[in-house]
Amino acid sequence: IEAPTFEHSAPELVQQPDFWDAPIEPEDTAISLLAKSVRDATNANMGSDYYDRGVLESLMSFRRLLKEGISNVEIKCQSRPAEEFEITESELAKISIVEADTPEPRATVVAGIFNRIEHTSRQFGLVLEDGNKIRGFADPAHIDAEQMRILWGKKTTIKGVGHFKPNGMIRSIEAHMIKPFSEGEELFEIVPQNRLPAGLTRGI
């Protein structure tokens, strides 16, 4: 498997280190991020920025391969040991427990300064009153680029679908509406949280 580094395949991603919850290093590859997701999920790192429910569902799709008589899926690279990982039924059992504990995406409203826009990917950053930052994605079916440009640097209210980490903290928001902040929306200036997962304190 060949996986170019992000420095060569997607330099725009590494030019904005403050844009990402977990910074992407120039020498990272897609395999690097996959390995970090597998490692954090199997170790039950509930505050990890490397996975949410969608990523966990993708990892669980490896179970189809294991049902076809394959005992394990493994990637090794002598020159890049940090990218090595293995998926067996044992790892999937651990991931399954974390997935069950991870909150479902839900309707979310949040308000802050519309701070950064990545035009090609339609990603943006939102800075809340307390300094916390939330990464978002503008749904092109509901929001056009011109609307994002007009609101850049201004106090904004965003409505959409929040995606959460297993610990209940928001990881990102898929924006369906972006509008100027209005009086009375101060309650949306705090970091959104979903319910705490039922198995948060359960050991794996």
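The values are calculated or read from the model by the stated rules, or taken from the named source; none is laboratory data. Keep in mind that what you see is a predicted model, and the values were worked out from it rather than measured. All Cβ positions, even for glycine, are placed from backbone atoms using ideal geometry, and neighbour counts span all protein chains on display. What goes into the accessible areas is simple: the full protein's heavy atoms, side chains included, and nothing from ligands, DNA or RNA. Shrake-Rupley method; radii C 1.70, N 1.55, O 1.52, S 1.80 Å.
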Scanning region 148-159 residue by residue, those over 15 Å from residue 185 (Cβ atoms) and in contact with a strand residue (DSSP E or B) (Cβ under 6 Å, 6 or more places away or on another chain) turn out to be 148, 152
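Being charged (D, E, K, R), assigned to a strand (DSSP E or B) and at pLDDT 90 or above, is that true of even one residue in region 179-192?
Within region 179-192, the subset charged (D, E, K, R) is 179, 183, 185-186, 189.
After this cut, where a residue has to be assigned to a strand (DSSP E or B) as well, the list is 179.
Right, trim to at pLDDT 90 or above and you get 179.
Within region 179-192, one or more residues are charged (D, E, K, R), assigned to a strand (DSSP E or B) and at pLDDT 90 or above.
Pull up region 82-95, narrow it to residues that are surrounded by fewer than 17 Cβ atoms within 10 Å (Cβ to Cβ) and modelled with pLDDT of 85 or more, then point me to the one that is nearest to residue 44 (Cα to Cα).
Taking region 82-95 as the starting set, the residues that turn out to be surrounded by fewer than 17 Cβ atoms within 10 Å (Cβ to Cβ) are 82, 84, 86, 88-90, 93-94.
Then drop every residue that is not modelled with pLDDT of 85 or more, which leaves 84, 86, 88-90, 93-94.
Details: 84: 18, 86: 16, 88: 16, 89: 16, 90: 13, 93: 12, 94: 8 Å.
Of everything passing the filter in region 82-95, 94 is nearest to residue 44 (Cα to Cα).
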Got a number for residues in region 102-119 being within 21 Å of residue 54 (Cβ to Cβ) and at pLDDT below 85?
1
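Could you say whether any residue in region 148-157 is under 30 Å from residue 45 (Cα atoms), among the hydrophobic types (A, V, I, L, M, F, W, C) and either modelled with pLDDT under 90 or surrounded by 15 or more Cβ atoms within 10 Å (Cβ to Cβ) (or both)? Please lay out each step first, then the result.
Let us first name the residues in region 148-157 that are under 30 Å from residue 45 (Cα atoms), namely none.
No, there is no match, as no residue in region 148-157 is under 30 Å from residue 45 (Cα atoms), among the hydrophobic types (A, V, I, L, M, F, W, C) and either modelled with pLDDT under 90 or surrounded by 15 or more Cβ atoms within 10 Å (Cβ to Cβ) (or both).
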Considering only residues that are at pLDDT 85 or above and open to solvent by less than 30 Å² (accessible area, probe 1.4 Å), look in region 13-30 and name the one that is farthest from residue 131 (Cα to Cα).
29
Can you tell me which residue is most open to solvent (accessible area, probe 1.4 Å) among those in region 106-117 that are under 10 Å from residue 160 (Cα atoms) and touching a residue at least 60 places away in the same chain (Cβ under 8 Å)?
106
For residue 174, the lone unmet condition from (1) open to solvent by less than 80 Å² (accessible area, probe 1.4 Å); (2) over 22 Å from the mean Cα position of the chain (by Cα); (3) of a type outside the set (Lys, Arg) is (2)
Residue 103 vs (1) in contact with a Lys or Arg (Cβ under 8 Å, 6 or more places away or on another chain); (2) over 17 Å from residue 57 (Cα atoms); (3) of a type outside the set (A, V, I, L, M, F, W, C): all pass except (2)
Do you know which of the residues in region 47-59 that are open to solvent by less than 30 Å² (accessible area, probe 1.4 Å) and of a type outside the set (Ser, Thr, Tyr) is nearest to residue 4 (Cα to Cα)?
59
Pairs with Cβ under 8 Å, 6+ apart, first in region 141-158 and among the charged types (D, E, K, R), second open to solvent by 10 Å² or more (accessible area, probe 1.4 Å)
149/117; 154/113; 154/180; 154/181; 155/113; 155/180; 155/181
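Being assigned to a helix (DSSP H, G or I) and in contact with an Asp or Glu (Cβ under 8 Å, 6 or more places away or on another chain) is the filter here, so list the residues in region 64-100 that pass it.
First pass over region 64-100, keeping only residues assigned to a helix (DSSP H, G or I): 64-66, 81-83, 89-100.
66, 99, listed by residue number.
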Would you check if there is a residue in region 106-125 being acidic (Asp, Glu) and not in a loop (DSSP other than H, G, I, E, B)?
yes
